[in-house]
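Each remark here refers to the structure printed beneath this line.
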Amino acid sequence: MAAPSGGRRADPAAARRGHAPGALAARAGRAGADAAVSAPAEAPRSAPSTLRALLDLRPPAQRQAYGAHRQQRAELHLPDGPGPHPVVVVLHGGFWRARRSLRYMRPACADLARHGWAAWNVEYRRVGRSEGGGWPATFADVAAAIDHLADLDAPLDLTRVAAMGHSAGGQLALWAAARPHLPEGVPGADPGVAITAGVAALAAPSDLEATPDLYGPGGAVFDLMGCTPAEAPDDRYVLGNPIRRLPLGIPILLLHGDADRTVPPRRSREFAAAARAAGDQMNLIEPVGAGHRTVVDPRRPPWRELIRWLDGLPARSPARTRAAE
């Protein structure tokens, strides 16, 4: 682990909470190789001048409905300048349940916009509070929200669309990236706008079938999918489980703190191994001492790994949309 800046000794308790000061040590690489990655000590470029500005949770000026349900809505954060701007579809977490909303992703979206990416912060129907979420509604909402980008009156470059999700949103982002390869007629197939540039999953449960206590009765996956894998009356787990949809055919980033106590880091390691075996371009980064929420906090060094990855994506992506055909 890199020595903390200024020669101070790291606080082990702070490291376990994901708030260790100084440089970031991370495990990253391809083909299973681990390499140390140190984040720069300087602040992110174009950082807000005050903490209050960074933590401003107010919605942006552009709020859009992509469907009739009250939860079928999204917020567009635009960078300065005329565009057209590349797009990041942002999907929040919360174990697919109604207790979490897109609100906590607003600081991340604002930072993406500061770095030149239009951020499309998506709300979707979730499980609980009579929202009607779960299979297939939650998946259909994500697909509809992404396709709605083509209907926006905004300077967007739809040849460069990436997806980024945190926690359960990371599972949905990986699934969204697989939409072009879904069988005809299933939820999310035949995308109007496809994820073309890359997909980033932060602290994501990327294999819905890997944890029995989650997909058993009362578990978050059970609530999402409506049954256990063994009891499924159809192919919903084959269609909705990202690890079953490999290869994705676009660059993948998995960012998962090694101190995450909510979603085990081994979920990302297992997905990374499967993606590499399938031939995908895979980057796994495990920030040392980072917890579940640390990786999505723009104030923390792990977030800069996402920004660097986005900045390194190709300037143009292969067209994978109906509009381009």
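No value in this document is a laboratory result; all are computed from the given coordinates. Since the structure is predicted, the reported quantities are computational estimates derived from the model, not experimental observations. Cβ atoms come from the backbone with ideal geometry, glycine included; neighbour counts cover every protein chain shown.
One residue stands out among those in region 253-273 that are among the small types (G, A, S) and assigned to a loop (DSSP other than H, G, I, E, B): the one that is farthest from D207 (Cα to Cα), which is A259. When residues in region 273-300 are screened for being in contact (Cβ under 8 Å) with a residue 40 or more places away in the chain, touching a strand residue (DSSP E or B) at 6+ places or on another chain (Cβ under 6 Å) and either of a type outside the set (D, E) or more than 20 Å from A168 (Cβ to Cβ) (or both), 9 of them pass. In the condition set (1) surrounded by fewer than 20 Cβ atoms within 10 Å (Cβ to Cβ); (2) under 24 Å from R304 (Cβ atoms), A150 is compliant with all but (2).
Per the listing R63, R99, the residue uniquely within 30 Å of F222 (Cα to Cα) and free of Cβ contacts under 8 Å to residues at least 60 places away in the same chain is R99. Filtering region 255-271 to residues that are crowded, with 23+ Cβ neighbours inside 10 Å and in contact (Cβ under 8 Å) with a residue 60 or more places away in the chain leaves G257, V263, R267, S268, F271. Condition check: in contact with a Gly (Cβ under 6 Å, 6 or more places away or on another chain), more than 22 Å from L149 (Cα to Cα) and either assigned to a helix (DSSP H, G or I) or of a type outside the set (S, T, Y) (or both). Does L224 satisfy that? In short, yes. Taking the numbered list (1) acidic (D, E); (2) closer than 30 Å to L112 by Cβ; (3) outside any helix (DSSP H, G or I) in turn, D234 passes all entries but (2). Scanning region 155-186 for residues that are closer than 27 Å to P84 by Cβ and touching a His at 6+ places or on another chain (Cβ under 8 Å) yields P155, L156, D157, G165, H166, G169. A single entry from G188, G170 fulfils the requirement of being under 22 Å from V221 (Cβ atoms) and part of a loop (DSSP other than H, G, I, E, B): G188.
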